[in-house]
Amino acid sequence: MTTVHTLRIDGADVAASDGQSILAVATENGIDIPTMCHLDGLSDTASCRLCLVEVAGSNKLTPACTTLVTEGMDITTTSEQLTEYRRTITEMLFLERNHICAICVANNHCELQDLAEKLQIDHFELPVINPSVGIDASHPLFAIDHNRCIMCQRCVRVCAEIEGAFTWGVMGSGIAERVVTDMGTPWGESPTCTSCGKCVQVCPTGALFENGRSIAEGSKAQRPFLPFLKRLGEGLEQT
Amino acid sequence: MTKPTLATIWLDGCSGCHMSFLDMDERLFDIAERADIVYSPLIDVKAYPEHVDFCLVEGAVSSEDDLRKILHVRQRTGTLISFGDCAVTANVPAMRNPIGVQPLLDRAYIENVTINPGIPVSVVPKLLAMARPVHRVVKVDVYLPGCPPSADLIYQSLVDLLAGRTPDTHGARFGR
Ligand code: SF4
Ligand code: SF4
Ligand code: SF4
Ligand code: FES
């Protein structure tokens, strides 16, 4: 039998079952906490820190996606300080690479843009870096533009946990951190990639996209997962 | 009562933001009722006036000419508005930043040129090391993101500004 806890979120009493995360309970109760690395169905890494919330009695902030509820918890999901942190994190996600929305395959279908809009970010206070980062377009169906990658690692997790291919990994650290295919092998030469397209589907930004998608089409992928396999099997041209 | 004065300037941008300004269509008459447009690429005035109340700045600060203009305009302007993504984030002009000025000029004027390759030294203003958002160079008071900002956003923001209110840019978005 599941144990039921009662707790408070933003002053309202809510019920939760044992083993639920703060994020899950908040979502169930219609309370919106910004997230980026979290995706329903994948494990959580708590790497983006957007979902940080305050828990009464603790002097540090807690990621809602990985913190399980406990009896009597008193949680604050929105405060001036939290909003300020979230805005700064969002700015850093933009400024760590090169985001030029106007010419991006994900323009207007991008979770990073959504986040900026939600937090009403109309300019960046932090200085720009404009690092020189590459694109790998060696795969016949997909490409990765590291300029748009925010290191949420959803691609890494979906590839390992759902597809079971373990193609994606992470190399380097800090500002030099990159997602890579097969320890740095060009994607097109990957012996493990099954061309399922799941990474493209879960990527929140324009970093992963289907080859041949243009900005004017306004979406970086169109087909559901399986047709990729079918097309590959039939040896069809990618267009 | 005298009307507030309005100017627009064009730095490193594609003029798309000014096109969107023109897309206000018949609402331009309304803007002209509320403000005197005293300087703009859209009107025939040569010098930026001594004092202007509001100025929309299109484009990033990319060249020595842009820099000279924006310093001059900032000095003479009450409320400076970063108008569009190029002004707000450096946007498309910033695509050259990771490449560096010299390799960029070499590629554009020498490597890909068959007739008289050579980097122009006169008339064309010298590029700065980086294309930068306007607020990294001078103080900016209001930001209107979008590539270009929609005519509706421009109109509503101008009406608010000219009436002395802070514009509500809710729903504005980079790229849109
Ligand atoms: S990934 Fe999103 S935020 Fe980045 S350039 Fe593309 S649309 Fe803009
Ligand atoms: S490629 Fe996309 S899904 Fe993968 S880490 Fe980068 S932003 Fe996230
Ligand atoms: S923001 Fe877009 S429309 Fe405006 S000048 Fe820049 S590229 Fe052109
Ligand atoms: S969603 Fe919780 S840390 Fe990213």
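The values are calculated or read from the model by the stated rules, or taken from the named source; none is laboratory data. Here the structure is a predicted model, which is why all the values come from computation and not from measurement. Note: ideal-geometry Cβ built from the backbone for every residue, glycine included; neighbour counts use all protein chains shown.
Taking the stretch B:67-100 as the range and being within 15 Å of ligand 3 (Cβ to nearest atom) and touching a Cys at 6+ places or on another chain (Cβ under 7 Å) as the test, the residues that pass are B:81, B:83, B:84, B:85, B:91, B:92, B:93.
Do we find a residue being more than 14 Å from chain B (Cβ to nearest Cβ), away from ligand 1 (no atom under 15 Å from the Cβ) and assigned to a strand (DSSP E or B) anywhere in the stretch A:183-204? Within the stretch A:183-204, not a single residue is more than 14 Å from chain B (Cβ to nearest Cβ), away from ligand 1 (no atom under 15 Å from the Cβ) and assigned to a strand (DSSP E or B).
Listed here are the residues, each with its yes/no results for (1) under 20 Å from residue A:39 (Cα atoms); (2) surrounded by fewer than 18 Cβ atoms within 10 Å (Cβ to Cβ).
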site: A:104; (1), (2): no, no
site: A:120; (1), (2): no, yes
site: A:124; (1), (2): no, no
site: A:133; (1), (2): no, yes
site: A:139; (1), (2): no, no
site: A:161; (1), (2): yes, yes
site: A:166; (1), (2): yes, yes
site: A:171; (1), (2): no, yes
site: A:175; (1), (2): no, yes
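All conditions but one from (1) loosely packed, with under 12 Cβ neighbours inside 10 Å; (2) touching a Lys or Arg at 6+ places or on another chain (Cβ under 7 Å) apply to residue B:64; the one that does not is (1).
Listed by first and then second residue, the pairs linking a residue in the stretch A:42-63 that is at positive phi and at pLDDT 95 or above to a residue that is surrounded by 15 or more Cβ atoms within 10 Å (Cβ to Cβ) and in a loop (DSSP other than H, G, I, E, B), with Cβ atoms under 6 Å apart and 6 or more places separating them unless they lie on different chains, are A:46/A:65; A:46/A:66. Before we move on, is residue A:60 away from every other protein chain (no Cβ under 14 Å) and among the basic types (Lys, Arg)? Yes; evaluated as a whole, the condition is true for this residue. Only one entry in A:71, A:84, A:80, A:91 is within 24 Å of residue A:175 (Cα to Cα) and surrounded by fewer than 15 Cβ atoms within 10 Å (Cβ to Cβ), namely A:84. If you go through the stretch B:1-52 and keep only what is of a type in the set (Phe, Trp, Tyr) and touching a helix residue (DSSP H, G or I) at 6+ places or on another chain (Cβ under 8 Å), you end up with B:10, B:21, B:48. Looking across the stretch B:117-165 at every residue that is modelled with pLDDT of 95 or more and among the β-branched types (Val, Ile, Thr), the one that is farthest from the chain's Cα centre (by Cα) is identified as B:159.
Within the stretch B:106-117, does at least one residue satisfy the condition of being among the charged types (D, E, K, R) and within 14 Å of chain A (Cβ to nearest Cβ)? For the stretch B:106-117, residues among the charged types (D, E, K, R) and within 14 Å of chain A (Cβ to nearest Cβ): absent. Taking residues in the stretch A:195-209 that are over 20 Å from residue A:108 (Cα atoms), and partners anywhere that are more than 9 Å from ligand 2 (Cβ to nearest atom) and among the aromatic types (Phe, Trp, Tyr), the pairs with Cβ atoms closer than 9 Å and at least 6 places apart or on different chains are A:195/A:142; A:195/A:228; A:196/A:225; A:196/A:228; A:197/A:142; A:197/A:225; A:197/A:228; A:198/A:225. For the stretch A:92-134, residues that are among the acidic types (Asp, Glu) and either more than 16 Å from ligand 4 (Cβ to nearest atom) or facing chain B (nearest Cβ under 7 Å) (or both) total 3.
Under the condition of being aliphatic (A, V, I, L, M) and within 19 Å of residue A:81 (Cβ to Cβ), which residue from the stretch A:1-22 is surrounded by the most Cβ atoms within 10 Å (Cβ to Cβ)? Checking each candidate, the answer is A:22.
Have a look at B:88, B:140 and point out the one that is among the β-branched types (Val, Ile, Thr), touching a Pro at 6+ places or on another chain (Cβ under 6 Å) and within 14 Å of chain A (Cβ to nearest Cβ). If you could, list the steps in order and put the result at the bottom.
Values: B:140 fails: touching a Pro at 6+ places or on another chain (Cβ under 6 Å).
Being among the β-branched types (Val, Ile, Thr), touching a Pro at 6+ places or on another chain (Cβ under 6 Å) and within 14 Å of chain A (Cβ to nearest Cβ) holds for just one of B:88, B:140, which is B:88.
Where helices (runs of 4 or more DSSP H) fall entirely within the stretch A:80-168, those with at least 2 residues that are away from ligand 3 (no atom under 16 Å from the Cβ) and within 19 Å of residue B:91 (Cβ to Cβ) are at A:80-95, A:111-118. Taking every residue in the stretch A:120-135 that is without any contact (Cβ under 8 Å) to a residue 40 or more places away in the chain and pairing it with any residue that is among the hydroxyl-bearing types (Ser, Thr, Tyr) and in a loop (DSSP other than H, G, I, E, B), at least 6 positions away or on another chain, the pairs with Cβ-Cβ distances below 7 Å are A:122/B:169. Every listed requirement among (1) without any contact (Cβ under 8 Å) to a residue 60 or more places away in the chain; (2) of a type outside the set (A, V, I, L, M, F, W, C); (3) more than 14 Å from ligand 2 (Cβ to nearest atom) is met by residue A:108 save one, (1). Of the conditions (1) within 14 Å of chain A (Cβ to nearest Cβ); (2) within 13 Å of the chain's Cα centre (by Cα), residue B:99 satisfies every one except a single condition; which number is it? Residue B:99 satisfies every listed condition except (2).
Considering the stretch B:143-176, and only residues there that are on the phi > 0 side of the Ramachandran plot and at the interface with chain A (Cβ under 10 Å from one of its Cβ atoms), the residue that is surrounded by the fewest Cβ atoms within 10 Å (Cβ to Cβ) turns out to be B:171.
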